[in-house]
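Chemist: Questions regarding the structure given below will be posed in turn.
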Amino acid sequence: MAIYVDFMQIEFKGYKWCHMLADTLQELHDFAALIEVDKRLFHQYASYPHYDVTVQMRKTALEYGAIAADRKKIIECAKKLKVELNAPIKRAKSSK
């Protein structure tokens, strides 16, 4: 299982936020549950599926084995997750 966190620190509502991704959606959701990231922080309809995590949550993720990833790796994961997320939709449309 590989979980990735970026180096972003976007300020919003008094916190600094980063992004958390994984090789698969299941891994991402399982890891988020493990480190107790609220499900509402999952962004399914963003440019790519990811969790927003605070800098403190990022630190926890790293302590649990997440990998600090550069932009190239984040984009690579983002593309895979988007394809995985949209796969059931494409199958449903093609069966009609």
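Chemist: Does segment 32-57 hold any residues that are within 17 Å of Glu84 (Cα to Cα) and not aliphatic (A, V, I, L, M), and which are they?
Modeler: Passing the criteria: Phe42, His43, Gln44, Tyr45, Ser47, Tyr48, Pro49, His50, Tyr51.
Chemist: When you check Thr60 against the structure, is it more than 22 Å from Ala87 (Cα to Cα) and hydroxyl-bearing (Ser, Thr, Tyr), yes or no?
Modeler: Answer is yes for this residue.
Every number here is computed from the coordinates shown, using simple stated rules; none is lab data. Model, not experiment: these values are computed from the prediction.
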